[in-house]
Amino acid sequence: MTKTYTIITFGCQMNENDSEKLAGMLEQMGYSPCENDKTADIIIINTCSVRANADDKFFGTLGEYKAVKKNSPKTVIAVCGCMMQQEVFRNEIKEKYRFVDIIFGTHNISEFPRLLKEYEGSGKRVTEVLEDTDYIPENLPCKRQFIHKAFVSITFGCDNFCSYCIVPYTRGREKSRKPEDIIAEIESLSQNGCKEVLLLGQNVNSYGKGLETPFSFARLLKEVDKIEALERIRFMTSHPKDLSNEVIEAIAQGKKICKNIHLPVQSGSDRILKLMNRHYNRDYYISLVERIRKAIPEVTISTDIIVGFPTETEEDFLDTLDIVEKCSFDSAFTFIYSPRIGTMAAAMEGQIPEDTVKERFNRLVAKMQDILSEKAKEYENTVQEIIADGISRNNPEIMSGRTPSNKLVNFKGNCRVGDSVKVRITEAKTYYLYGEMIQ
Ligand code: SAH
Ligand code: SF4
Ligand code: F3S
């Protein structure tokens with residue numbers, strides 16, 4: 001009987017991409033995916049640590065596997081990802097979760113087959129976490145979630161040290177893959193039916209820094225745009241401080257580059273932006289948004305916002321509401337500030353009481369909803385180009401997909417996942433559009 005695996009992934013697309021590589025390596029070793037999480041021979045949990053609720057979810061999930069290991073001691077339980085890069089969590093696992101067999105980190109994903117062999121040989125827990133690495137493994141097997149769209153990491157790590165953020169500690173210093181490796185990966189994907197790529201990096205705009213032969217993100221976009229069979233190029237995330245005119249120009253001129261920029265603002269207050277170590281102020285951000293909208297009239301801009309950063313006053317928060325209105329974002333991910341051990345902000349005085357933060361958060365969400373429902377109306381009666389991503393869970397006649405502007409569309413239509421279709425939008429809800437396929 002073939003052995004089976006399951007991988008549970010928390011966090012961002014970087015982690016999703018890492019999990020796809022782990023799945024690829026396991027399949028190369030002869031394992032096949034397991035339908036039921038709890039009966040697999042190997043269970044890997046890939047963790048995220050960006051906010052406290054991510055940590056909590058992981059411990060909740062891990063708790064569920066205690067009984068699995070007890071009933072079936074041969075099951076191998078491995079944990080990896082961003083939480084494992086932090087000593088505090090490794091210690092917690094060591095002390096309270098003795099049934100975990102393999103612990104590894106974000107820098108040695110490619111070493112998993114060796115770690116598994118070591119565990120199988122000794123029957124003793126194997127822990128291997130590297131502080132950082134310059135090594136970028138290429139050509140790892142990768143079991144993709146979809147055929148028609150794919151994640152392509154272009155940089156790893158982050159050098160920005162925003163004062164609230166754990167990522168620079170869990171992912172190490174920023175390093176870029178060589179452009180030829182990225183292009184080769186995308187060419188091969190497109191030859192195998194991939195229509196859409198999402199170029200991934202914590203800050204894609206600084207792509208190329210530190211490469212032997214300098215290469216910019218704008219140039220990379222232009223090169224990827226030339227790949228024949230590809231239909232859509234997306235990218236995230238863009239740090240506002242590094243979004244150059246060349247990049248804006250490349251997006252404007254690209255044939256396949258989606259006119260959609262994820263540009264986290266985080267706060268609208270100059271004082272808070274400074275404390276966050278974001279290296280821009282509100283005027284710069286607003287004028288950047290204006291510049292982008294002028295150069296790319298059909299652009300959509302999405303953002304991330306943190307509410308309740310230490311010392312945030314009502315006035316600071318009103319500045320955030322104001323920037324949201326001025327920039328008229330097409331979508332926003334809103335977060336309640338979560339102190340992360342080891343970051344500068346966690347040690348700051350002036351942590352904001354929970355009820356104040358919640359009240360502000362609700363006001364921000366209400367403001368965003370008003371903007372979104374207003375903007376959504378602009379889509380009504382338009383015809384949108386959609387690539388079908390999936391079939392609705394509740395109704396098999398309904399498909400879902402996204403517009404090039406990244407708006408979610410549920411639609412009635414007779415097509416297959418991965419098909420490019422035209423959909424007439426009949427109804428615009430705040431968070432998604434509804435329509436009917438016309439061809
Ligand atoms: N590299 C990306 C984002 C990575 S994390 C960027 O620079 O934009 C995704 C988002 O999580 C961030 O944009 C931020 O809004 C949010 N975030 C990060 N750390 C957080 C924390 N400690 N508390 C609340 N939100 C946080
Ligand atoms: Fe975190 Fe800032 Fe780096 Fe984004 S740019 S990953 S928010 S430190
Ligand atoms: Fe989470 Fe690590 Fe991504 S902390 S958001 S999985 S980089």
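Filter segment 399-426 for residues that are of a type in the set (Val, Ile, Thr) and part of a loop (DSSP other than H, G, I, E, B) and give the result. Let's see the steps before the verdict.
Quick first cut of segment 399-426, residues of a type in the set (Val, Ile, Thr) only: 403, 409, 417, 421, 423, 425-426.
Within segment 399-426, 403, 417 meet the criteria.
Looking only at segment 90-107, count how many residues are under 22 Å from residue 339 (Cα atoms), open to solvent by 20 Å² or more (accessible area, probe 1.4 Å) and hydrophobic (A, V, I, L, M, F, W, C).
0
Show the residue pairs that are 6+ apart or on different chains and have beta-carbon atoms under 8 Å apart, the first residue being within segment 54-83 and open to solvent by 30 Å² or more (accessible area, probe 1.4 Å), the second being outside any helix (DSSP H, G or I) and more than 16 Å from ligand 1 (Cβ to nearest atom).
66/97; 66/99; 70/99; 74/41
Would you say residue 158 is within 16 Å of ligand 3 (Cβ to nearest atom), part of a loop (DSSP other than H, G, I, E, B) and not assigned by TED's automatic domain parsing to the domain that holds residue 284?
So residue 158 fits the description; yes.
Residues checked against (1) buried (at least 18 other Cβ atoms within 10 Å of the Cβ); (2) among the small types (Gly, Ala, Ser):
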position	(1), (2)
287	no, yes
301	yes, no
307	yes, no
328	no, yes
351	no, no
355	no, no
359	no, no
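Step by step: first the residues of segment 127-155, then only those that are away from ligand 3 (no atom under 15 Å from the Cβ) and among the hydroxyl-bearing types (Ser, Thr, Tyr), then the one that is modelled with the highest pLDDT. Which residue is that?
Residue satisfying both the conditions and the ranking: 127.
What about residue 106, is it of a type outside the set (A, V, I, L, M, F, W, C), assigned to a loop (DSSP other than H, G, I, E, B) and within 16 Å of ligand 1 (Cβ to nearest atom)?
Yes, satisfied.
Need at least 3 residues that are open to solvent by 10 Å² or more (accessible area, probe 1.4 Å) per element, so show me which strands (runs of 3 or more DSSP E) inside segment 164-270 make the cut, counting only ones lying wholly within it.
Because the criterion is at least 3 residues that are open to solvent by 10 Å² or more (accessible area, probe 1.4 Å), the strands (runs of 3 or more DSSP E) in segment 164-270 that meet it are 232-236.
Do we have residue 98 as under 15 Å from residue 125 (Cβ atoms) and either within 16 Å of ligand 1 (Cβ to nearest atom) or outside any helix (DSSP H, G or I) (or both) here?
Taking the combined requirement at face value, the residue satisfies it.
Which members of segment 23-47 meet the condition of being open to solvent by less than 40 Å² (accessible area, probe 1.4 Å) and closer than 17 Å to residue 65 by Cβ?
Within segment 23-47, 34, 40, 42, 43, 44, 45, 46, 47 qualify.
Can you tell me how many residues in segment 275-302 are within 16 Å of ligand 1 (Cβ to nearest atom) and either free of Cβ contacts under 8 Å to residues at least 24 places away in the same chain or not assigned by TED's automatic domain parsing to the domain that holds residue 317 (or both)?
Counting residues in segment 275-302 that are within 16 Å of ligand 1 (Cβ to nearest atom) and either free of Cβ contacts under 8 Å to residues at least 24 places away in the same chain or not assigned by TED's automatic domain parsing to the domain that holds residue 317 (or both) gives 0.
Rundown of residues vs (1) away from ligand 2 (no atom under 16 Å from the Cβ); (2) of a type in the set (Lys, Arg); (3) more than 30 Å from residue 413 (Cα to Cα), yes/no style:
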| residue | (1), (2), (3) |
| --- | --- |
| 302 | no, no, no |
| 318 | yes, no, yes |
| 337 | no, no, yes |
| 357 | yes, no, yes |
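The values are calculated or read from the model by the stated rules, or taken from the named source; none is laboratory data. Because the structure is a prediction, the values reported are computed rather than measured. Neighbour counts run over all protein chains shown; Cβ positions are idealised from the backbone, glycine included. The area values use the complete protein model at the heavy-atom level, side chains included, leaving out ligands, DNA and RNA. Shrake-Rupley method; radii C 1.70, N 1.55, O 1.52, S 1.80 Å.
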